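Beneath this line is the structure, given in structure tokens, with notes to follow.
The numbers here are math on the coordinates, done by the rules we state, and not lab data. Because the structure is a prediction, the values reported are computed rather than measured. Positions of Cβ are generated from backbone atoms using ideal geometry, with glycine treated the same way; all protein chains shown enter the neighbour counts.
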Amino acid sequence: MKKTTLLYEGKAKKVFKTDDEEKLIVSYKDDATAFNGVKKGSIEEKGSVNNRVSNYLMGLLEKEGIPTHLIEELNERETVVRKVQIVPLEVIVRNIAAGSLSKRLGLEEGTKMASTVLEYCYKNDDLGDPMINDYHIYAMSLATEEELKTIADMSLKINTTLTTYFASINIELVDFKLEFGRTSDGHIILADEISPDTCRFWDKNTGEKLDKDRFRRDLGKVEDAYQEILKRTLGK
Ligand code: 5GP
């Protein structure tokens, strides 16, 4: 299989076509953005950390019966994935209040909530990814009722698997963002990435933030946090 033309360049990744219609190559960049592209920078080795951590976690989820786009890690930064049509939703799963939920609802960061929260945002940079509900999703034909049920069920199962896994490496999985895609035969599978860019990870003992919030909030030791996640997940 050969990498051919650049299909798409996003804020954190490039996606290339290959000579196989059904496969793409994702290449992870060190570029970092926040607040819908307003804050820009770079995090050394971020691409390599996110690629390897995401592939490791997707492998773990596959073992639990969650279908993902992962096919094969090619090298430190590049991975072969199944081509999908991305469902234009950001699915956010929250176990502990933080970030935009804390601001919106006036809950102090770190507040334990009685149950898990699932949120949907419309994936649209021009609009700043506004939060929407299931009625908007059907009204705008972003996903069918059956697809959204699959997405919600899979998101909650992913949360159970990942929360248990991260607890085993002494990390609190505070919240995270998922994206799903449709395969050519119409199945919903997990796509995009699961990494310190897309999750909030807090050390269970110290509460130290080990994710992109260090970049968003200028907390320093950004690279160290990404390396710590790599070390705890892959033992590297
Ligand atoms: P919040 O809505 O609190 O800003 O984010 C909730 C969770 O989803 C955080 O773990 C955050 O990293 C992730 N998240 C939400 N929107 C985005 C996004 O546009 N890009 C990335 N990389 N992560 C996001």
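Miscellaneous remarks
- Which of Asn36, Thr4, Leu24, positive extreme of dipole for the chain (C-beta unit charges): Asn36
- This model, with +1 at the C-beta of Lys and Arg and -1 at the C-beta of Asp and Glu, gives the stretch 1-93 a dipole about its Cα centre of some 300 debye.
- Near the amide H of Lys123, within less than 5 Å, lie the amide hydrogens of Leu89, Glu90, all on another chain or at least 5 residues away, with H placed in the peptide plane.
- Interchain or long-range residues, amide H under 5 Å from Ser42's placed H: Ala32
- Residue by residue, the stretch 63-71 carries 3J(HN,Hα) couplings of 4, 8, x, 8, x, 10, 7, 5, 10 Hz when phi is fed to the Karplus relation 6.51 cos²θ - 1.76 cosθ + 1.60 (θ = phi - 60°); x denotes Gly or Pro.
- Charged side chains reduced to their Cβ positions (Lys and Arg at +1, Asp and Glu at -1) give the chain a dipole of some 440 debye around its Cα centre.
- For Lys3, the lysines whose Cα falls under 23 Å of its own Cα, not counting residues fewer than eight places away in the same chain, are Lys11, Lys13, Lys14, Lys17, Lys23, Lys29, Lys46, Lys83.
- Annotation: extensible slack from Lys40 through Asp125 equals 29.1 nm (criterion: 0.36 nm per residue apart, minus Cα-Cα distance).
- For Leu24, Leu60, order by how many other beta-carbon atoms lie within 10 Å, fewest first: Leu60, Leu24
- Percentage of interatomic Cα-Cα distances in the chain larger than 29 Å: 24
- Table column - 3J(HN,Hα) (Hz), the stretch 84-99, Karplus curve with 6.51, -1.76, 1.60, x for Gly and Pro: 9, 9, 5, 6, x, 10, 9, 9, 10, 10, 10, 9, 10, 5, 6, x
- Phi-derived couplings, Karplus 6.51 cos²θ - 1.76 cosθ + 1.60 at θ = phi - 60°, listed residue by residue for the stretch 123-134: 6, 7, 4, 4, 9, x, 6, x, 6, 9, 10, 4 Hz, with x used for Gly and Pro.
- In the chain, the calculated helix contribution to ellipticity at 222 nm averages -9500 deg cm²/dmol per residue, counting -39,500 (n - 2.57) for every DSSP H run with n ≥ 4.
- Three-way shape label, the stretch 112-158, alpha-carbon gyration tensor, a/c 1.5: oblate
- Positive dipole terminus of the stretch 109-182, leading residue within Asn170, Leu127, Val117 (C-beta point charges): Asn170
- Neighbour-count ranking [beta-carbon atoms within 10 angstrom, fewest first] of Met1, Met58: Met1, Met58
- For Glu147, net neighbour charge (Lys/Arg +1, Asp/Glu -1) across residues whose Cβ lies under 14 Å away: -4
- Listed by Cβ neighbour count within 10 Å, with the fewest neighbours leading, Phe16, Phe201, Phe166 appear as Phe16, Phe166, Phe201.
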